[in-house]
1. When you look at VAL106, is it without any contact (Cβ under 8 Å) to a residue 40 or more places away in the chain, surrounded by 17 or more Cβ atoms within 10 Å (Cβ to Cβ) and either of a type outside the set (D, E, K, R) or touching a Phe, Trp or Tyr at 6+ places or on another chain (Cβ under 6 Å) (or both), yes or no?
2. Being within 13 Å of PHE189 (Cα to Cα) and touching a Phe, Trp or Tyr at 6+ places or on another chain (Cβ under 7 Å) is the filter; apply it to region 125-157 and report the residue that is modelled with the lowest pLDDT.
3. Show the residue pairs that are 6+ apart or on different chains and have beta-carbon atoms under 8 Å apart, the first residue being within region 218-244 and more than 14 Å from SER178 (Cβ to Cβ) and small (Gly, Ala, Ser), the second being at pLDDT 95 or above and not in a helix (DSSP H, G or I).
4. Would you be able to tell me the number of residues in region 124-157 that are under 17 Å from the mean Cα position of the chain (by Cα), over 21 Å from LYS201 (Cβ atoms) and surrounded by 14 or more Cβ atoms within 10 Å (Cβ to Cβ)?
5. From LEU184, LEU159, LEU154, LEU192, which residue is more than 16 Å from PHE228 (Cα to Cα) and among the aliphatic types (A, V, I, L, M)?
6. Please work out which residue is nearest to SER210 (Cα to Cα), limiting yourself to region 41-90 and to residues that are without any contact (Cβ under 8 Å) to a residue 40 or more places away in the chain and assigned to a loop (DSSP other than H, G, I, E, B).
7. Please determine whether any residue of region 177-187 is of a type in the set (Val, Ile, Thr), surrounded by fewer than 13 Cβ atoms within 10 Å (Cβ to Cβ) and more than 19 Å from the chain's Cα centre (by Cα).
8. Mind checking which pairs have a first residue in region 112-139 that is touching a residue at least 24 places away in the same chain (Cβ under 8 Å) and a second that is surrounded by 13 or more Cβ atoms within 10 Å (Cβ to Cβ) and outside any helix (DSSP H, G or I), Cβ under 7 Å, 6 or more apart or different chains?
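The values are calculated or read from the model by the stated rules, or taken from the named source; none is laboratory data. Because the structure is a prediction, the values reported are computed rather than measured. In this analysis, Cβ positions are derived from the backbone assuming ideal geometry, glycine residues included, and neighbour counts consider all displayed protein chains.
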Amino acid sequence: MDNNFRSTNINNIQDATIVNQTTLLRSVFSWMTLALAMTTASSLMFAFVPDLLRLLFTETETGVQMSTLAWVVMFAPLGFVLLMSFGFNKLSYPALIGVFLAYAAVNGISLSFIFIVYNLGSIINVFLSSVALFAVMAIAGYTTKTDLTKMGSLLMIGLIGIVIASLINMFTHSDTMSYICSILGVIIFTGLTAYDVQKIKNLSNEDDGSTPFKKMAIMGALTLYLDFINIFLYLLRLFGGRKD
């Protein structure tokens, strides 16, 4: 094959790059949108269909407690993410899609608890605010000429700090610590949104339409999905109106 790029029209190279970026990003955002739709649907079903809601709670002599299913769906999403991350090379493309969509549905069930704690109106407002914030940062990540690699590394360190602080706060129950973690969480995941979009954009330049890149689109969708969900949850903790 002749690799003499001196004889190649530069406009053709640029056009091909734009096509690759558009194709991969469209695929990533399409899968992310589908996952969010499934999460929303399953959370609404389990929150507002009494028969499904009763599957998450059991009545005991001491009152209403979380059922075994509730505990499973609380921790299952982490298992799905680990399976996708560590099984990326072993899982086939259809299998990876299946795990991703199953994760989105189960995560929706776990998120149905927010409808018990927060007012529906505040949930909707926070959701729309999260969409706006996510969109702004995604556009910023796509259009900026600045390399966000260093920022991404710092944000990941901050994320580890939040996880450790949150684990400690599970035992200390400090409202101040929870408030600080929520503020930092919003900052970190909005920054990670821009960083992840730029990373996907850069990766798309090498997209050849092969199965590994199709699987990359699923993992990219998972990454942005997690960014959005965390932005939403941290904003909800800060601004969500709790039920009396």
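1. So VAL106 fails the test.
2. GLY152
3. none
4. Looking only at that region, the number is 4.
5. LEU154
6. Here the residue is ASN89.
7. no
8. The qualifying pairs are TYR118/GLY240; TYR118/GLY241; ASN119/GLY241; SER122/GLY240; SER122/GLY241; ILE123/GLY240; VAL126/GLY240.
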